[in-house]
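This report concerns only the one structure given below.
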Amino acid sequence: MKKLCRNQKIHAKNSNRIFIVDSLIHAGSGQGDIYKVHAGKDVYAMKLFHNGNEQKIRRQLENLTRRGRASSAFVHPLYMVNVDGNIGYIMEYIGAAQYDDGYILFNGKEKKDANGDIVREEVPFNEKIAALYHIAEAVNILYEADIALMDLKFDNVKINRRDRSVKILDTDTAVGGRTGAIVSGTVGFMPPLTMRGEEIPNRYNDSYALAVMIFMSLIGGHPLRGRAYEEPINGSPETYIFATNPVYIFNKKDQTNRPPENEKRIIARMKKYPAYFAEAMHRTFTDGIFEREKRVTPREWMEILVRLYDDHFICQHCGEEHFVGSSDKTCDVCGKPLYPPIKIICDGKSDKGIYLFNNSDIKSSELWEDSNERTIFKVVVSDFDKRYGLLLLSSQELRLELKNGQSRIFNMGETIPIFLDAVMEIDKHKINFMGGHKK
Ligand SMILES: [Zn+2]
């Protein structure tokens, strides 16, 4: 297809807006080219399709415009254009000044060290979680409408530097449940049956790709790329591990594809993550590898990501993430001592967990549903032994049951000592402790 010239004027359809071509951003091999254009001071991007069925493209773009409005994460068409017979559209411009490439979630960000050398620095855990949550949220909107993005991968995600919100590009590959897909996906991000050509891409390709992205971002490797990739085989090692013989690197029953020797970090990281995360990954990459309905859904991933965020704490020396309930006394990355915060959990609901910070008040409504909100505890540190305790501020009495079966009643104004394996009972609610260092 002939490339457009700088300063060429483009008239938008059904609008009197005129866009001026600035430069070619991306020359697509199959689908189309993307240009940077402007209208006055405003900068936009324009995609021009190579040859294609005009009617089909138009129908797809109309769909895309509609569903693009469902989430600000999707870059959707603002105006249609027709340049010398090629259809295209004008969309928001996602510039490098404001956005990072999605790959930073896995590769880290470039940074100059003290010697001026370029080093890669991992994106902080909370920022990874924020970006991954935004991706899961956007994918979920389409997933629940039985629409598939098809080509979800780091390359198609841009992350806003300011707030870690995301933009998902190339959404014009998205299709509804029964229509044929334009693309089938990208190696490593598409499920084995699609790669083998045995399953038409569908919304479950997105739940697969999303799990791959979460795994790669948090654990630091691909869930299927283990030792089998390095063994001599006939044919392509990628086809072997991603399509014909996919084995999850942490498969409980099949140990043939464990992470490679030099990837100790992947093993150490996975070990640290909470069981609900490990289970979700196991389900997606063992049963869910061929049975698509068994994959963890985008909505479930949203909940898991929030839970990971709630349960994490950061090593104050190196920034590595750790999770409450961990029995590690030292950080596996820097080797320095860890100080896990203590959390209280009401009625076994982790979303009702609250960290105990000195002097903070804990209200009834934070622990359980309560229309008559009152302060139950104040977190205090005893002058005597500098240990944390909970000053009871409720008129209701509290029963503390120790692990050895002994129990004691506390009344308003008394301070309950913290024993990590004890259970508190108040107003028919059971409260457990989590975190800290178990003796
Ligand atoms: Zn550390």
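The values are calculated or read from the model by the stated rules, or taken from the named source; none is laboratory data. This structure is a prediction, so every number in the text was calculated from the model and none was measured. Note that each Cβ is placed from the backbone with ideal geometry, even for glycine, and that neighbours are counted across all protein chains shown.
Looking only at region 88-130, which residues are part of a loop (DSSP other than H, G, I, E, B) and of a type in the set (S, T, N, Q)?
Correct list: Gln98, Asn115.
I'd like to verify a number: residues in region 1-31 that are under 13 Å from Asn82 (Cβ atoms) and either under 35 Å from the mean Cα position of the chain (by Cα) or of a type in the set (Asp, Glu) (or both), how many?
0
Based on what the data block shows, is Cys318 loosely packed, with under 15 Cβ neighbours inside 10 Å, within 13 Å of the ligand (Cβ to nearest atom), in the same structural domain as His222 (by TED's automatic domain parsing) and assigned to a loop (DSSP other than H, G, I, E, B)?
Judged against the criteria, Cys318 is a match.
Considering only region 282-304, how many residues are in a loop (DSSP other than H, G, I, E, B) and among the hydrophobic types (A, V, I, L, M, F, W, C)?
Result for region 282-304: 1.
Which of the residues spanning region 22-44 are surrounded by 14 or more Cβ atoms within 10 Å (Cβ to Cβ) and touching a His at 6+ places or on another chain (Cβ under 9 Å)?
Once the filter is applied, which keeps residues that are surrounded by 14 or more Cβ atoms within 10 Å (Cβ to Cβ) and touching a His at 6+ places or on another chain (Cβ under 9 Å), region 22-44 yields Asp22, Gly28, Gln31, Gly32, Asp33, Ile34, Tyr35, Tyr44.
Being acidic (Asp, Glu) and within 16 Å of the ligand (Cβ to nearest atom) is true for just one of Asp421, Asp427, Asp347, Asp332. Which residue is that?
Asp332
Is it fair to say Glu279 is assigned to a helix (DSSP H, G or I), more than 16 Å from the ligand (Cβ to nearest atom) and surrounded by fewer than 16 Cβ atoms within 10 Å (Cβ to Cβ)?
yes
Just checking, how many residues over region 350-368 are in a helix (DSSP H, G or I) and either touching a strand residue (DSSP E or B) at 6+ places or on another chain (Cβ under 7 Å) or within 16 Å of the ligand (Cβ to nearest atom) (or both)?
The total comes to 3.
Looking for something modelled with pLDDT of 90 or more, among the hydrophobic types (A, V, I, L, M, F, W, C) and closer than 20 Å to Ile168 by Cβ - is there at least one such residue anywhere in region 75-90?
Within region 75-90, one or more residues are modelled with pLDDT of 90 or more, among the hydrophobic types (A, V, I, L, M, F, W, C) and closer than 20 Å to Ile168 by Cβ.
For Phe154, indicate whether it is assigned by TED's automatic domain parsing to the domain that holds Thr194, farther than 26 Å from Gly28 by Cβ and either touching a residue at least 24 places away in the same chain (Cβ under 8 Å) or over 20 Å from the mean Cα position of the chain (by Cα) (or both).
When the stated conditions are applied, Phe154 does not pass them.
Taking region 282-315 as the search range and keeping residues that are among the acidic types (Asp, Glu), under 17 Å from the mean Cα position of the chain (by Cα) and modelled with pLDDT of 95 or more, which one is nearest to the ligand (Cβ to nearest atom)?
Per the criteria, the residue is Glu303.
Within region 13-37, how many residues are closer than 17 Å to Val75 by Cβ and in a strand (DSSP E or B)?
Residues flagged as closer than 17 Å to Val75 by Cβ and in a strand (DSSP E or B) within region 13-37 amount to 9.
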